[in-house]
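Notes to accompany the following structure.
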Amino acid sequence: MDSDPAQLHPARVEQAQRDPVERDPSPHDQARVRVCGSIGHAADDRVAAMSALLGDPPTVLDRATAALRGTATARWTSTGAEAASWSPTPLPEKLPADARHIAEQHDAFSLVVPDSGDPYLHAGISGAAPVYVDTAGETTGGAPGTYLCSHVEPLARTRRGPLRPDWDAWAQVLAMGGPLEGRTPFAGIRRLPPYARLTATAGGACEITTTGWPWPEVTSSSAASLDTVRDALTASVGALGERARFAPLLSGGWDSRILTALAARTEGTGLTAWTTSSDTGTVLEELVSAKVAGTLGIEHAIVPARRDRFSHDLAYFTGAVEHQTSFHVWLVPLATALAGNGATVLDGLGGGVFVGGAFPDSGSDLPVLDRRFTRMAKYLDAVGDVLHPNVAGQVAERTRASFDTVAEPLAEHPYGNTFTAYLTRTLPGISLSPFGLLSRGNPVATPFLDDSVVRAALAIPHAEHAEGALYAPLLRPLAPELAELPTAAEIPQARRHHRRRVASPEAAERFRELLTREPVRGLLAPGFAAAGTETWRRMLGRTNQQHLIRSLATMSLWFERHEDLLGDLSPDELREPVT
């Protein structure tokens, strides 16, 4: 057997190992957490090839039934088993000798290899940090088994079998902002769901168990107290502060304000909060965040975005999130300013969903699943302006099918709208900003997704979360003045006073160049490709149309990045009329 990884897929590996500045604005071999391995068989040439693409991280586990190579890992043992855990959030030196407890207490992944018995991979409880698996590709020796990786591309570039796009995933990126049901842009490469367990049986076959996720089982009670949520957040940030220094992201909203206040109480002097423009056409985010930082007496860094860097930032973002979403391109200047400074970024992911009552059900007479789909897939309202009619039909149909698979079991759950939003928006798309973009250069922590915080929030009756009613009383004992300060969203704004970078002539020209390339050009509405710059700018100034354009640009960059793997493919499936 040839052990040289370049011999497994010479063209693929060679291209992926070229000069990272020329090849990719977000090379995987610079990410802080780089993990790959196998379960169900020993390390083989494919593991070696993935490792080479990740910059050759050290060997962590090397057993007959599993292998792991990675950075930022923590090894541990239990009776009759060897294991390793990892997370984008710094882990303590001592971990409990139980994968479930590690998932719950530290939201970390664990690969466990018993001396006798089946090896297994256990996902973190939130599912926010991704790990991807490929059960379709063959091992070097042809034995069954599964490969795992912290990134999609090493799995794709080392697969022996054919690669093709997952058109359902792309439809969902367009309609909802990210692929549903763990899909990725590559068919057969999947993201593990929250608290999942991937077990390799004696024959080498792998089974994924997704039952037993504790969060939907939490019951609410009128006796539940907001004090418990505050105490859990305080404990989470405090424990992190014992092993990390903080770089809190500070916007004009509640979640970042609460985390920054807790970081200031924990870290004391020397704390800097970080802000950039969210490109909404106003400076309210910057003004409100400056007021928050001043009230807390901490340093405040505002990182400006440059119009002439938009093309770079778009490529940087889509590469960092592996072309799975286009939500937060505006965050790139902040991510690159923070990269490599060693501080743990505090991100408010999950706060709006589990504490703030975001994405409530509407009062319409439509069935509940229709109401939730309409809310979560709001970008479909703009398909007539951007997409070919047949494509619009395919996108809606393919997205609705996967949405119903996720949402239907939650239809009658007391927090059904919350978990539906979390599983169809937060995890597939939003989570990749902290755990894709920001985690490339820094440790990242999301305290609102701490298990104790989520359980405490879910214990409070659903109605009490409505319209963010819990935020001010949650913050008041920590920072009374900030509890009374309006958020940027609460300040009336008659019109936008600043030109949006995403709708600038430079951005419009770049988007038009990307979307008028084949094969994406064939997906556009009649006449849109030939429209002038001012039409493109006008579309980019509208939320739903802009989302579709950004997502199509992401697809175009994905085809460009992986042309050597995919060949001359056409998205004809998406142009077929829906019958």
| message | Restricting to region 441-468, name every residue that is open to solvent by 30 Å² or more (accessible area, probe 1.4 Å), assigned to a helix (DSSP H, G or I) and touching a helix residue (DSSP H, G or I) at 6+ places or on another chain (Cβ under 6 Å). | response | Ser452
| query | When you look at Asp231, is it surrounded by fewer than 16 Cβ atoms within 10 Å (Cβ to Cβ), among the charged types (D, E, K, R) and assigned to a helix (DSSP H, G or I), yes or no? | reply | yes
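Looking at Ala301, Ala293, which is the one that is surrounded by 22 or more Cβ atoms within 10 Å (Cβ to Cβ), small (Gly, Ala, Ser) and more than 21 Å from Arg499 (Cα to Cα)?
The unique qualifying residue is Ala293.
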| said: Residue under question is Ala315, and the condition is that it be aliphatic (A, V, I, L, M) and under 29 Å from Glu408 (Cβ atoms); does it hold? | reply: no
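With respect to Ser251, is the statement that it is in contact (Cβ under 8 Å) with a residue 24 or more places away in the chain and crowded, with 16+ Cβ neighbours inside 10 Å true? Quick ask: steps written out before the conclusion?
Values: in contact (Cβ under 8 Å) with a residue 24 or more places away in the chain: yes; crowded, with 16+ Cβ neighbours inside 10 Å: yes.
So Ser251 fits the description; yes.
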| request: Give Ala239, Ala223 a once-over and let me know the one that is farther than 27 Å from Trp330 by Cβ, in a helix (DSSP H, G or I) and open to solvent by 10 Å² or more (accessible area, probe 1.4 Å). | output: Ala239
| said: Among the residues that make up region 31-45, is at least one of them assigned by the TED database to the domain that holds Val113, surrounded by fewer than 23 Cβ atoms within 10 Å (Cβ to Cβ), within 18 Å of Pro88 (Cα to Cα) and modelled with pLDDT of 90 or more? | reply: no
| said: Restricting to region 332-366, and then to whatever is touching a strand residue (DSSP E or B) at 6+ places or on another chain (Cβ under 7 Å) and outside any loop (DSSP other than H, G, I, E, B), can you tell me which residue is surrounded by the fewest Cβ atoms within 10 Å (Cβ to Cβ)? | reply: Ala337
| So Leu287 clears everything in (1) surrounded by fewer than 24 Cβ atoms within 10 Å (Cβ to Cβ); (2) in contact with a helix residue (DSSP H, G or I) (Cβ under 6 Å, 6 or more places away or on another chain) except one condition, right? Which one? | (2)
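Going by the structure shown, is Ser433 buried (at least 22 other Cβ atoms within 10 Å of the Cβ) and out of contact with any helix residue (DSSP H, G or I) (no Cβ under 8 Å at 6 or more places or on another chain)?
no
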| task | Pull up region 211-220, narrow it to residues that are hydrophobic (A, V, I, L, M, F, W, C) and open to solvent by 20 Å² or more (accessible area, probe 1.4 Å), then point me to the one that is nearest to Ser439 (Cα to Cα). | result | Trp213
| task | Select, from Glu322, Glu267, the only residue that is within 17 Å of the chain's Cα centre (by Cα) and open to solvent by 10 Å² or more (accessible area, probe 1.4 Å). | result | Glu322
| Wholly enclosed strands (runs of 3 or more DSSP E) of region 71-120 bearing at least 2 residues open to solvent by 30 Å² or more (accessible area, probe 1.4 Å) and not assigned by the TED database to the domain that holds Pro447 | 73-78
| said: For the condition open to solvent by 70 Å² or more (accessible area, probe 1.4 Å) and either within 30 Å of Gly357 (Cα to Cα) or hydroxyl-bearing (Ser, Thr, Tyr) (or both), what is the one hit in Pro473, Pro492, Pro526, Pro486? | reply: Pro492
| message | Please determine whether any residue of region 177-184 is over 19 Å from the mean Cα position of the chain (by Cα) and charged (D, E, K, R). | response | no
| query | Does region 513-525 contain at least one residue that is modelled with pLDDT under 95 and more than 23 Å from Ala553 (Cβ to Cβ)? | reply | no
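The values are calculated or read from the model by the stated rules, or taken from the named source; none is laboratory data. Here the structure is a predicted model, which means the values were calculated and not measured. Because the Cβ atoms are built from the backbone with ideal geometry, glycine has one as well, and the counts that use them run over all protein chains shown. Ligands, DNA and RNA are excluded from the accessible area calculation, which covers all protein heavy atoms including side chains. Shrake-Rupley method; radii C 1.70, N 1.55, O 1.52, S 1.80 Å.
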